[in-house]
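Everything below concerns the one structure shown next.
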Amino acid sequence: VRELAGHTLRAYTTIETYLDGPPIIDADVASPSAYFRTALATPGVHDAVAQRGRDAAVGLDDPVGVAETTAARVIELIRSVDPAHLVESLAGRMSFTDYLVTRVVELTIHTTDLQVAAAFPVFIPANAAAVVLTTIVAMSDPATIVRALTGRGTIMSSAEPKQAESKPPLSGLRVVDL
């Protein structure tokens, strides 16, 4: 759970790191969904993410206290940044506003992971859910998502064999895998 908490905290701390950081990759990212498509297509991404979570967990003796302090500090920073400011992310250069959307997605998804791991009820504020769902739908086939969420279809499990290469990027995931 500590590593998951460390990884979740990175949704905040990368804002500080990337805000005025040097270019990481010479590319422009057009949208939050493009950020995730690029990030998820990076070879070794899952191992690298797991390692960054482990690294962030080192010395994390008071995850709740650190989360509260970090959130307060970063929220103050966010208030001072021009929304059009360009951020250098691992996926490329993108607007600060779009980068914040990616942080809301990460923070929301991994907060639910923490809630489950700690045996708390899962709760997502409606405005955060709207951001996450909008981003996920933009990464996939909207008809498939809508039909699955309304009980009229399914989203292939990530454990099932992959089919045609032309499938949208998230078509192999269940909503619960995200």
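Which entry in (i) 16.9, 55; (ii) 16.8, 47; (iii) 29.7, 96 is this structure's computed Rg and Dmax of the Cα atoms in Å? This structure yields the entry labelled (ii). If R0 is 25 Å, the Cβ-Cβ spacing of A30 and I75 corresponds to a FRET efficiency of close to 0.45.
Averaged over its residues, region 1-123 has an accessible area of 55 Å² per residue, based on protein heavy atoms and a 1.4 Å probe. Ordering F120, F36 by accessible surface, largest first, gives F120, F36; the 1.4 Å probe counts only protein heavy atoms, with every chain in place. What a 1.4 Å probe finds exposed on region 10-163 is 62% carbon and sulfur by accessible area, rounded to a whole percent. Our summary gives region 1-129 a relative contact order of 42 percent, counting only alpha carbon pairs under 8 angstrom and 6 or more residues apart.
The values are calculated or read from the model by the stated rules, or taken from the named source; none is laboratory data. Note that the structure is a prediction, hence the values are computed from the model and not measured. Heads up, the Cβs are rebuilt from the backbone with ideal geometry, glycines too, and the neighbour counts pull from every protein chain shown. Ligands, DNA and RNA are excluded from the accessible area calculation, which covers all protein heavy atoms including side chains. Shrake-Rupley method; radii C 1.70, N 1.55, O 1.52, S 1.80 Å.
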